[in-house]
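The values are calculated or read from the model by the stated rules, or taken from the named source; none is laboratory data. Computed from a predicted structure; not experimentally measured. Here the Cβ positions follow ideal geometry from the backbone for every residue, glycine too, while neighbour counts run over all protein chains shown.
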Amino acid sequence: MGFVNRESFKIINNFGYLTIIQLFNLLFPLILYPYLIRAVGKELYGEVLFAQSIAVYFSLFINYGFNIYGTKEISRYSQSKQRIAITLGRIFCVQLFFYFINIMAILIMFSTTNWIENLFLYLFATYICFNEIAVPVWYFQGKEEMKYIAICSFFSKITSLCLIIILVRDSSDYIYILFAYFIGTLVCFAFSFYKIFITDKNRFILPRSFSLKAVMVDSYPYFISHALGGITSKSNSFLIGFFVGKVELAYYDLADKIINIISVFFQNFSNAIFPNVAKSKDYNLVKKSIKISFLFSIIIIIGLLFSSEFIISLLGGSDMVDAKDYLIMLSATLIFRAIGPIISTSILVVNGLGKYLGSSFLIAFIIYLGGILCLYTFNWFSVQNLIIIFILSLVFRVVYRMYILYSNNLKHWLV
């Protein structure tokens, strides 16, 4: 019983830290929303968001599914300094290589376009990519020391906040928004690496080429899942900015950030139980977690139906009230964001069916891509239609995962 109590406390503790981290990361830009809209305007802030939406695509490669693969490796060999050093060397080398490719791609892109005046805007936007290296979530999650991610994020955001207040005064200063975020990421980088290599006294073993290939092969299923999921979930911002308009992107981004804040509780609840379930194979814990997540998602959706305008006005100001309809539509995604992560990690991955994650994300991506092609063919691009297509992709993704569970006699993990 004492063991169960300790493990339950650890889950709650990790869930709390993960939630604090994500809430802080998501609330931070929302707190700045009214200030930045007044300082640079909706159009230029939309330009900043558009640059970030492009950087997100590159960050998917840099992550490469290591948040799952790395967590499993660090958790499994948490008492072996040698294995940790090997894992650190392999993952960081792959990530640094992809980040270099990212920078080169941006330089090549701008050398062949007339966007040269925005070159530094897009270079600073790569803080999103560098953040995957600066905050090795997989290491801290594998060690079950999530509080250090929270501390790291806090220092990063405080640094960015101070710089934004000092540097961003009017529309001509919009480029400094991403500059501030980049400097904040560097602060985070310094903190996390001090913790890993100085405090924890880990070493960094340079890997050989064949070992890099091995880790990329092992992480590939998780990369496909993460990349396809990221493309599906993040492409709306890019498409709205490109086809609809930067102002509409600002409205959509505000609604999306609010939904992401709510989703944090579900995603981090899944992340918190994952290390425990990976060790114990406790399917009763998984079933209870799914029921709780589903129930809370329904309650929140109903609440948003009656409070969307108030929430938008509170967080974005009266100028952003047009985002309320997008918020209501996006709230429907909460059901699938609530149960999807638990099914993917605590059931499929734990039972050796992680390879099907790629298939589920591929199906969702095909549905999403098919919808986008229809919108493009018939010139139906609108924020509302893009949200509908995104919701449909989530439905097919979760339904396919449930089908895999039933096909592999894992129904008892679900109901």
Exercise for the section: Look through Ser219, Ser225, Ser171, Ser192 and report the one residue that is crowded, with 21+ Cβ neighbours inside 10 Å and farther than 16 Å from Gln95 by Cβ. Expected result: Ser225
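Any residue in segment 350-357 that is part of a helix (DSSP H, G or I), without any contact (Cβ under 8 Å) to a residue 40 or more places away in the chain and in contact with a helix residue (DSSP H, G or I) (Cβ under 7 Å, 6 or more places away or on another chain)?
no
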Handout entry: Leu178, sole failed condition from (1) surrounded by 19 or more Cβ atoms within 10 Å (Cβ to Cβ); (2) farther than 27 Å from Thr345 by Cβ; (3) over 20 Å from the mean Cα position of the chain (by Cα); (4) of a type in the set (A, V, I, L, M, F, W, C)
Key = (3)
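Listed here are the residues, each with its yes/no results for (1) in a helix (DSSP H, G or I); (2) modelled with pLDDT of 90 or more; (3) crowded, with 19+ Cβ neighbours inside 10 Å.
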{"residue": "Tyr45", "(1), (2), (3)": "yes, yes, yes"}
{"residue": "Leu49", "(1), (2), (3)": "yes, yes, yes"}
{"residue": "Glu73", "(1), (2), (3)": "yes, no, yes"}
{"residue": "Gln79", "(1), (2), (3)": "no, no, no"}
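Name the residues in segment 372-401 that are within 12 Å of Ile343 (Cα to Cα) and touching a residue at least 12 places away in the same chain (Cβ under 8 Å), would you?
Arg397, Val398, Tyr400, Arg401
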Problem - Subset of segment 31-42 that is modelled with pLDDT of 90 or more and either of a type in the set (D, E, K, R) or in contact with a helix residue (DSSP H, G or I) (Cβ under 6 Å, 6 or more places away or on another chain) (or both) - its residue that is surrounded by the most Cβ atoms within 10 Å (Cβ to Cβ) - result: Val40
Handout entry: Answer from Thr185, Thr199 - the residue that is closer than 23 Å to Phe130 by Cβ and loosely packed, with under 14 Cβ neighbours inside 10 Å
Key = Thr199
Exercise for the section: Kindly list, by first and then second residue, each pair from a residue in segment 242-255 that is over 12 Å from Tyr45 (Cβ atoms) to a residue that is in a loop (DSSP other than H, G, I, E, B) and at pLDDT below 95, limited to pairs with Cβ atoms under 7 Å and residues at least 6 apart or on different chains. Expected result: Phe243/Phe381; Val244/Phe381
Practice task
State which residue pairs qualify: first residue free of Cβ contacts under 8 Å to residues at least 40 places away in the same chain and inside segment 402-415, second residue in a helix (DSSP H, G or I) in any location, beta carbons under 9 Å apart, and separation of 6 or more residues or different chains.
Solution key: Lys411/Leu405
Problem - One residue from Ser331, Ser307, Ser297 being surrounded by fewer than 17 Cβ atoms within 10 Å (Cβ to Cβ), of a type in the set (Ser, Thr, Tyr) and in a helix (DSSP H, G or I) - result: Ser307
Exercise for the section: Being of a type outside the set (Gly, Ala, Ser) and surrounded by 19 or more Cβ atoms within 10 Å (Cβ to Cβ) narrows it down to one of Ile261, Ile205, Ile240, Ile231, so name that one. Expected result: Ile240
Problem - Total residues in segment 270-319, condition closer than 29 Å to Leu30 by Cα and without any contact (Cβ under 8 Å) to a residue 40 or more places away in the chain - result: 18
Exercise for the section: Would you please list the contacts, defined by Cβ atoms under 7 Å and residues six or more apart or on different chains, that run from a residue in segment 321-334 that is within 15 Å of Val383 (Cα to Cα) to a residue that is modelled with pLDDT under 95 and not in a helix (DSSP H, G or I)? Expected result: none
